[in-house]
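The values are calculated or read from the model by the stated rules, or taken from the named source; none is laboratory data. Quick caveat, the model's predicted, so the values are computed rather than measured. Backbone-built Cβ (ideal geometry, glycine too); neighbour counts: all protein chains shown. With ligands, DNA and RNA removed, areas are computed over all heavy atoms of the protein, side chains included. Shrake-Rupley method; radii C 1.70, N 1.55, O 1.52, S 1.80 Å.
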Amino acid sequence: TIKRPVIKLQTIICTFSVLSVAARADFKSRNCSEVREACIQKGFSFAHVPVQEIPGEHLRVCPQGDTCCTQEMEDKFGQQSKQDFENLVDEMSHELRSTFVSRHKRFDEFFLELLENTERSLNEMFVRTYGKPYMQNSEVFENLFAELKRYYTGGNVNLEEMLNDFWSRLLERMFTLLNSQYIITEDYLECISKYTDQLKPFGDVPRKLKAQVTRAFIAARTFVQGLSVGREVAQRVSKVNNTPACIRALTKMLYCPFCQGMPAVKPCKNYCLNVMKGCLANQADLDPEWNQYIDAMLLVAQRLEGPFNIESVMEPIDVKISEAIMNMQDNSGQVTYRVFQGCGQPKPAGMTRSTRGVSDVFNARFRPYSPEERPTTAAGTSLDRLRIVWNAMQHSVVDIKEKLKLSKKFWSNLPEALCVEDRVTAGNASDEDCWNGHSKGRYFPEVQKDGLTNQVNNPEVGVDITRPDTFIRQQIMALRVMTNKLKNAYNGNDIAFQDSSKLFVCVHLIFYNRSVFNSLTRKLLQL
């Protein structure tokens with residue numbers, strides 16, 4: 001009978017001690033000084049931060065138990081979460097975007113400078129070798145380079161027809177010079193042009209040069225346009241379009257620890273991955289088309305290094321054209337005879353002109369230069385500059401190929417890149433000391449797969465998988481069109497060219513015309 005009261009008294013004392021400890025622990029947890037300091041460090045200017053926890057019935061995103069957050073704080077945390085996420089994606093995609101911007105600019109400048117140096121080199125060589133007859137007919141060559149430049153910069157130029165026209169014009173000028181004792185009328189010149197293919201006055205040079213020039217320019221132009229499209233897609237997709245559900249999930253992940261009095265606790269990695277995969281579901285759907293586009297770009301990059309690269313075609317073009325002219329001179333008698341047979345003999349121009357011989361027209365015969373014999377004056381300077389440009393470009397081809405390879409799977413890997421320890425998360429997914437969305441502790445839900453359809457059961461972000469992002473679908477279509485063009489360019493086939501801005505406008509219009517979009521998609525998939 002005496003022991004029982006002692007036991008009861010000990011029990012009461014023990015219970016009181018436990019409650020006192022719990023009360024002291026509860027009092028400590030309700031202190032919000034750390035939250036206030038963390039908010040100041042992050043630049044928040046709240047009208048009021050509670051000194052101790054307050055009831056959280058007003059909260060709409062964070063847990064509604066006792067909290068260190070006012071409604072104003074939660075609202076601003078939501079705005080900041082949106083900004084933080086946009087900044088993170090912008091930061092992570094900066095290198096990708098800058099790669100496409102800088103390489104597009106570099107290659108575009110290379111090709112244009114290559115064209116200008118080649119034209120300058122040809123002009124200097126022909127003035128030196130051909131003299132006055134060349135200068136009197138230089139517009140034929142000026143037009144050739146003007147059309148090549150117009151093609152490269154996006155003009156509606158049929159390369160084969162343009163090159164055929166160049167040789168026809170050159171034949172007309174050469175025939176007139178070589179037969180200055182006759183009156184050559186416009187009608188007669190038109191007749192001559194009909195016999196160009198049969199006569200082959202320039203030997204096999206036009207055929208070979210046409211094959212080389214078309215393949216080289218198709219590859220160069222398409223590669224630069226491909227860089228432009230990649231640049232546009234990367235810049236557009238990097239500007240994320242946050243849904244309300246995404247912003248709620250980001251706020252809960254990034255700032256609800258503040259409201260729980262744990263501002264230093266970072267999210268668990270798998271928790272972060274589920275939030276990011278939900279918020280970037282549409283971006284991940286870009287990845288398959290992006291990877292195919294990168295593969296096609298790498299194929300065309302091979303053409304910039306192979307035998308049909310633009311430099312190997314353009315650098316000796318002056319020599320090749322001079323070879324063609326030499327063939328015409330060597331076979332002028334036979335060419336003239338066959339033209340007279342087909343077009344008739346033109347009227348004599350009179351004694352004054354007829355007495356002038358070929359030697360009076362050409363002050364020097366064309367002959368192909370070997371590299372050692374090339375001019376060492378101004379022409380040599382242009383050639384040296386051309387080679388410097390090309391050497392720099394060759395290094396750039398190697399560089400861009402490596403950069404392109406690294407950019408594969410960029411969009412599907414973006415959540416993983418964002419959820420690294422030094423940016424967002426607490427590190428190891430099994431860490432007990434990370435924020436799991438409700439409290440500090442391990443995160444148990446399974447990490448979702450990539451893409452929109454795989455987010456149907458995402459535990460962190462409500463994603464409507466029946467409504468794909470129209471904007472992202474436009475970028476997918478733009479990449480698909482560009483990939484098709486790149487594959488054609490790799491095979492030496494040209495298709496209608498549009499600059500990137502027109503391409504995106506076209507894709508935008510097509511996308512909103514659903515029947516056209518579906519029809520075009522089927523056709524592209526059949527190619």
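How large is the accessible surface of Met326 in square angstrom, using a 1.4 angstrom probe and rounding to the nearest 10?
50
Along Cα→Cβ, 7 Å out, is where each label goes; now give me the distance between the ones at Asn331 and Ser180 in nm to one decimal.
2.4
Taking amide H positions as placed 1.01 Å from N in the peptide plane, with prolines and chain starts having none, which residues 5 or more places from Asp450, or on another chain, fall under 5 Å of its amide H?
Here nothing satisfies the definition.
Within the stretch 244-344, report the GluC sites (Glu not before Pro) that DSSP leaves as loop and that have at most 16 other Cβ atoms within 10 Å.
Glu305
Quick one: length gained pulling Asp295 to Lys347 fully straight, 0.36 nm per residue minus the C-alpha distance?
That pair, Asp295 and Lys347, stretches by 12.6 nm at full extension.
Can you list the residues, at least 5 places off or on another chain, whose amide H is less than 5 Å from the amide H of Asn31, using H built in the peptide plane?
Under 5 Å from the amide H of Asn31: Glu53.
Please list 399-408, 477-486 highest first by mean number of surrounding beta-carbon atoms within 10 Å per residue.
Ranking, from highest mean packing down: 477-486, 399-408.
Using 0.36 nm times the number of residues separating Asn156 and Val420, minus their current alpha carbon distance, what extension gain do you get?
Here the answer is 90.2 nm.
What percentage of the solvent-accessible surface of the stretch 135-273, computed with a 1.4 Å probe over protein heavy atoms, is contributed by carbon and sulfur atoms?
46
How far apart, in nanometres, would the label points at Ala47 and Ser33 be if each is projected 7 angstrom from Cα along the Cα-to-Cβ direction?
2.7
Grab the Cα-Cα distance for Leu406 and Lys239, subtract it from 0.36 nm times how many residues apart they are, and report the gain in nm with one decimal.
The span from Leu406 to Lys239 would gain 58.0 nm if fully extended.
Could you calculate the FRET efficiency of Ser102 with Lys194 from 1/(1 + (r/R0)^6), where r is the beta carbon distance between them and R0 is 60 Å, rounded to 0.05?
Given R0 = 60 Å and the Cβ-Cβ separation, E is 0.75.
Got a sec? What order do Tyr490, Tyr130 fall in by accessible area at 1.4 Å, biggest, i.e. largest, first?
Highest to lowest solvent-accessible surface, that is Tyr490, Tyr130.
Order His58, His104, His94, His395 by their accessible area, 1.4 angstrom probe, all chains in place, largest first.
Putting His58, His104, His94, His395 in descending order of accessible area: His395, His94, His58, His104.
Kindly report, to the nearest 10 Å², the accessible surface of Arg103 as traced by a 1.4 Å probe over protein heavy atoms only.
For Arg103, solvent-accessible area is about 30 Å².
Just how many pairs of Lys in the stretch 119-238 have C-alpha atoms closer than 26 Å, counting pairs that are eight or more places apart or on different chains?
8
Sketch the reach of a paramagnetic label on Ala146 as a point 7 Å from Cα along Cα-to-Cβ, and name the residues of the stretch 93-133 whose backbone nitrogen lies under 17 Å away.
Counting backbone N atoms under 17 Å from the label point, the list is 116, 119-120, 123.
So which aspartates and glutamates pass the test for Lys105, namely a Cα distance under 20 Å, with those fewer than 8 places away in the same chain ruled out?
Once the sequence-local aspartates and glutamates are set aside, what remains near Lys105 is Glu95, Glu113, Glu116, Glu232, Glu305, Glu311, Asp399, Glu402, Asp499.
Are there GluC sites (Glu not before Pro) in the stretch 37-125 that DSSP marks as loop and that have at most 15 other Cβ atoms within 10 Å, and which are they?
Qualifying residues, ordered by number: Glu57.
Quote the FRET efficiency, to the nearest 0.05, computed for Asp187 versus Asn87 with a Förster distance R0 of 60 Å and r equal to the Cβ-Cβ distance.
0.25
For the pair Lys132 and Arg473, how long in nm is the line joining their label points, each one 7 Å along Cα→Cβ?
It works out to 7.0 nm between the two label points.
Report the calculated FRET efficiency for Arg207 and His395 (r = Cβ-Cβ distance, R0 = 35 Å), to the nearest 0.05.
E(calc), rounded to 0.05, equals 0.60.
Using amide H atoms built 1.01 Å from N in the peptide plane, name the residues 5+ places from Thr67, or on other chains, whose amide H lies under 5 Å from its own.
Ile54, Gly56
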